[in-house]
Amino acid sequence: MAAPRGRARLKKRNKRTPLRSAARQRRAQLLTVRTSSHAYRSGKAYGKEDGLLYSIEHEPFQKKALNRYWMKHIPSLHITREPWKHYAEAAKGYVRGFFKAKGQHPHDWLLVPTNKTIAAIVTVKNEEESIGTILQQLNRLPLDEIYVVVNGSTDHSFEIARSKSHAVVVSYPQAVGHDVGRAIGANLAQSDILLFLDGDIPIQAEQLIPFIYGIENGLDVALNNVTPFLSSFAHSDSVTHMKQFLNVALKRPDLAANSMTAVPHALSRKAVETMGIHSLIVPPKAQVLAVLKGLHIGTGGSINVINRNKLREGNVGRKNRTAELIIGDHIEAIRLAGERAGERLEFVDTQRKRGYAGG
């Protein structure tokens, strides 16, 4: 009779397992909420304190002025790491606390973890449905410069960009391409950090913080980590294979398929000057130069732009123009790497005595 009771107990335990698992998940969720709430309360307390001490009323750039005060508190908050939502909560709390101390309605600002100057560069072609949302998010940040490069648009992208922000809007009647647009914006920008976006993918300001902090924390190139959103190598497309192959060839397998081809990404002023503005026209070539010249390259944030990429006539199907363009870019990049570092790069052939075969 003992065996059946043992089996009965086992069955009961198995029945309780999903409940215990659900309880653990609820406790984990509650802990996360408490942690985020703590970050918000801490930020708000610092904001109230500074609101009683300082004034930004007569500052020409109030967001930037407030950001300078915010920066003093970041080290004690320990929030410049994942999960980044704690940083965002603390920053929002700080803004609310500051304006509450002033008896003023709080702005929807999101302060950044750097005192460096920042420029955002957005390339646009017929994006009247999304460019307003993108600029609305960028306006929440204390950016020093915003450049919108409108090219080949036949809709109201230009007018919307002009009306939704104080951005410098550059317009070309002909389509010049996203990458050329980025180079044009980079040539105009004077800031320490350059943040690149495309006009067809709205991104929350909170998601841009890790890219900005990546440069603040020592990176020269902060890439978008799209690896978690890709299929396995066997099921990936040829563009992904080329991106991964280039990184392996450059002895940076840690970068996987992450590339300057994808947005958003951020560059330091040092990176722009080292690689050269013209190299940005072909992003994989710029990435080759960044590696060969010893720039610090890594990932900043991780945003799924793959599923959100706007479907167009030229980027759908197995052999589409966009895929062929990107593959060709990587062929150019591999050739550049061979010219700069030798035809085998750092993969030296020490086994074959080729001279003995003649020819």
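The values are calculated or read from the model by the stated rules, or taken from the named source; none is laboratory data. Note that the structure is a prediction, hence the values are computed from the model and not measured. Ideal geometry is used to build each Cβ from the backbone, glycine not excepted, and the neighbour counts take in all protein chains shown.
Scan Asn139, Asn126 and give me the residue that is at positive phi, in the same structural domain as Gly181 (by TED's automatic domain parsing) and either surrounded by fewer than 22 Cβ atoms within 10 Å (Cβ to Cβ) or at pLDDT below 95 (or both).
Asn126
Just the residues that are more than 19 Å from Leu197 (Cα to Cα) and either hydrophobic (A, V, I, L, M, F, W, C) or surrounded by 24 or more Cβ atoms within 10 Å (Cβ to Cβ) (or both), please, taken from segment 112-123.
none
Which of the residues belonging to segment 193-211 are part of a helix (DSSP H, G or I) and crowded, with 23+ Cβ neighbours inside 10 Å?
Leu208, Ile209, Pro210, Phe211
Could you tell me whether segment 147-159 includes any residue that is in contact with a strand residue (DSSP E or B) (Cβ under 7 Å, 6 or more places away or on another chain), at pLDDT below 95, part of a loop (DSSP other than H, G, I, E, B) and buried (at least 17 other Cβ atoms within 10 Å of the Cβ)?
No - not one qualifying residue is present in segment 147-159.
Could you identify the single residue in Leu246, Leu250, Leu267 that is surrounded by 20 or more Cβ atoms within 10 Å (Cβ to Cβ), assigned by TED's automatic domain parsing to the domain that holds Leu197 and under 30 Å from Thr117 (Cα atoms)?
The match here is Leu267.
If you scan segment 98-141, which residues turn out to be without any contact (Cβ under 8 Å) to a residue 24 or more places away in the chain and closer than 20 Å to Tyr172 by Cα?
Residue satisfying the conditions is Glu129 alone.
Name, by its number, the condition in (1) part of a helix (DSSP H, G or I); (2) more than 16 Å from Trp109 (Cα to Cα); (3) modelled with pLDDT of 95 or more that does not hold for Arg68.
Tallying (1) part of a helix (DSSP H, G or I); (2) more than 16 Å from Trp109 (Cα to Cα); (3) modelled with pLDDT of 95 or more, Arg68 fails exactly one: (2).
Hey, Ser232 hits all of (1) surrounded by fewer than 18 Cβ atoms within 10 Å (Cβ to Cβ); (2) farther than 27 Å from Gly338 by Cβ; (3) in contact (Cβ under 8 Å) with a residue 12 or more places away in the chain but one; which does it fall short on?
Evaluating Ser232 over (1) surrounded by fewer than 18 Cβ atoms within 10 Å (Cβ to Cβ); (2) farther than 27 Å from Gly338 by Cβ; (3) in contact (Cβ under 8 Å) with a residue 12 or more places away in the chain leaves (3) as the failure.
Here is a list of conditions, (1) out of contact with any helix residue (DSSP H, G or I) (no Cβ under 6 Å at 6 or more places or on another chain); (2) closer than 27 Å to Leu325 by Cα; (3) not basic (Lys, Arg), and Tyr147 meets all of them except one; can you say which number that is?
Every condition holds for Tyr147 apart from (1).
Are any residues in segment 329-356 modelled with pLDDT under 90 and in a helix (DSSP H, G or I), and if so, which ones?
Listed by number, the residues that qualify are Arg354, Gly355, Tyr356.
If you go through segment 39-55 one residue at a time, how many are in contact with a helix residue (DSSP H, G or I) (Cβ under 7 Å, 6 or more places away or on another chain) and either without any contact (Cβ under 8 Å) to a residue 12 or more places away in the chain or under 25 Å from Pro83 (Cα atoms) (or both)?
Matching residues across segment 39-55 total 10.
Can you tell me which residue among Ile56, Ile74 is surrounded by 15 or more Cβ atoms within 10 Å (Cβ to Cβ), hydrophobic (A, V, I, L, M, F, W, C), modelled with pLDDT of 95 or more and over 18 Å from Ile212 (Cβ atoms)?
That would be Ile56, the only listed residue that is surrounded by 15 or more Cβ atoms within 10 Å (Cβ to Cβ), hydrophobic (A, V, I, L, M, F, W, C), modelled with pLDDT of 95 or more and over 18 Å from Ile212 (Cβ atoms).
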